[in-house]
Amino acid sequence: MTHRPRRILMTVDAVGGVWRYAVDLAGALGDTGIETVLAVLGPAPSETQRAEVAALRRVTLVETGEPLDWLTDDAVAVRHAAATIAALAIRHRVDLLHVNQPALIPGLTGDLPVVAVAHGCVSTWWEAARPGTPLDPAFAWHRALVADGLRRADCVVAPSESYAHTIARHYGLTAAPIAVHNGRTPPLVAPVATRHIAFTAGRLWDEVKRTPLLDAAAGRLAAPLYAAGPTRAPHGASVPVEHLHLLGELTPDGIGAMLAAQPVFVSAASFEPFGLAVLEAAQAGCPLILSDIDTFRELWDGAAHFVAGDDPAAWADAIAEVMGDDAERARLADAALARGAHFTVGATAKAMRALYTDARRAAATAGNPAGTSERVAA
């Protein structure tokens, strides 16, 4: 009897990096014969995102209409979303759940194996965004749900060793999550003439991206620092910008076109479980200037220029130095390209398939051929 899954349900949101991770992974799984039902939580996907999924083999997109856990005010809505996910699993006859939002897990019913992937959470984000400040009691319910979900999952995964250790420490887990690095498919777009500009991309409204720091650094640069991504969050928060050259929310092709010019790519993030935008830039042959945090050191040490602290002058000096030194720029670009080649979607999919199989095998060994031990709504 094979324990390889035939059809899985994977939760996803259309707001940030989880979309990119889930769609890429689902596509790679489809190429190996595994069907994936992508269940969307939170804001609806764009037409571009829908079209992207429609082009994939063995991938079905379901827009649940349920809220995203970190955009809700209490556990009631999250438990309702979990019930919807459980019902979808039955309807689509899946044999494993891949949950990218661990807060859902306590509300699931049924006996399917659950593989949880911790891409980030309110509580660990808060620790990085506001060091030394206790978590706002208004989010205590979310922390409790995530803690419970991580303990109930049959397997817990994190996108980096660094974040795996953060999760284990933060939630008091007896074992750290398994680290499976994210991956991307290197771009097919041929490099164009190098432009002496800098570029950053991501959720610019997010405090941990430190957009104000990059904005202040941009005011000290002679060359432009372009920024792609939203400045207003789904929940209404926004960030003022004076000096960055805003490009808005670019499509994947738009991002690819920017990266093809091999700008100096900059990320000042103070919290990053992985950093897909950095990987995309590296695979396009862009020199990297990154904040000196554990995740970036784990992934890019020796292949990037690191800047510590939050002094705009230090960041501006580092960017100007790399842009103005063609030899150093080329060295960093080559190093990033070589390192980025290791992080492929195929490698991610291979590792996840093995974990899916292990979870199903463990469930069968425990006497439950469909999944894991009976799970009831908490």
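The values are calculated or read from the model by the stated rules, or taken from the named source; none is laboratory data. Keep in mind that what you see is a predicted model, and the values were worked out from it rather than measured. Using ideal geometry, Cβ is built from the backbone for each residue, glycine included, and neighbour counts are taken over all protein chains shown. Just so you know, the surface numbers come from the protein's heavy atoms only, side chains and all, with ligands and any DNA or RNA stripped out. Shrake-Rupley method; radii C 1.70, N 1.55, O 1.52, S 1.80 Å.
For segment 2-52, the Kirkwood radius over C-alpha pairs fed into Stokes-Einstein at 20 °C and 1.002 mPa s yields D = 186 µm² per second. Taken over the Cα atoms of the chain, the convex hull encloses 128 Å³ per residue.
Placing D311, D317 in order of accessible area, with the largest value first and a 1.4 Å probe, yields D317, D311. Need one word for segment 183-271: rounded, prolate or oblate. Basis is the Cα gyration tensor (sqrt eigenvalues a ≥ b ≥ c); a/c below 1.5 gives rounded, then a/b vs b/c decides. Oblate shape, in that a/c is at least 1.5 and b/c is the bigger or equal ratio.
As a calculated quantity, the FRET efficiency between D73 and D334 at R0 = 56 Å, using C-beta atoms, amounts to about 0.70. Once a ≥ b ≥ c are taken as the square roots of the eigenvalues of the Cα gyration tensor of segment 197-329, is the result rounded (a/c under 1.5), prolate (a/b larger than b/c) or oblate (a/b not larger than b/c)? Rounded, since a/c falls under 1.5.
Report summary: the helix-based calculation at 222 nm, which adds -39500 (n - 2.57) for every DSSP H run with n ≥ 4 and divides by the residues of the chain, gives -12500 deg cm²/dmol. The overall shape of segment 8-121 is oblate: from the C-alpha gyration tensor, with semi-axes ordered a ≥ b ≥ c, the ratio a/c is 1.5 or greater and a/b is no larger than b/c. Accessible area per residue (1.4 Å probe, heavy atoms of protein chains only) ranks F296, F306 as F306, F296, with the largest value leading. The heavy atoms of E63 offer some 90 square angstrom of accessible surface to a 1.4 angstrom probe. Among the protein heavy atoms, those of H305 account for about 50 Å² of accessible surface (1.4 Å probe, every chain in place). Positive end of the charge dipole of the chain (Lys, Arg +1 and Asp, Glu -1 on Cβ, about the Cα centre): tell me which of L135, A303, V78 has its Cα farthest that way. Result: V78, furthest along the dipole toward the positive end.
Keeping all protein chains in place, calculate the accessible area per residue for segment 191-328 (probe 1.4 angstrom), answer in Å². Solvent-accessible surface per residue comes out at 39 Å².
Multiplying the residue separation of S270 and T174 by 0.36 nm and subtracting their alpha-carbon distance yields 31.9 nm. Distance between the 7 Å Cα→Cβ label points at A223 and A55: 3.1 nm. What FRET efficiency, computed as 1/(1 + (r/R0)^6) with R0 = 41 Å and r the Cβ-Cβ distance, is obtained for H196 and A129, rounded to the nearest 0.05? With a Förster radius of 41 Å, E is 0.80. Largest first, the residues K209, K350 sort by 1.4 Å accessible area into K350, K209.
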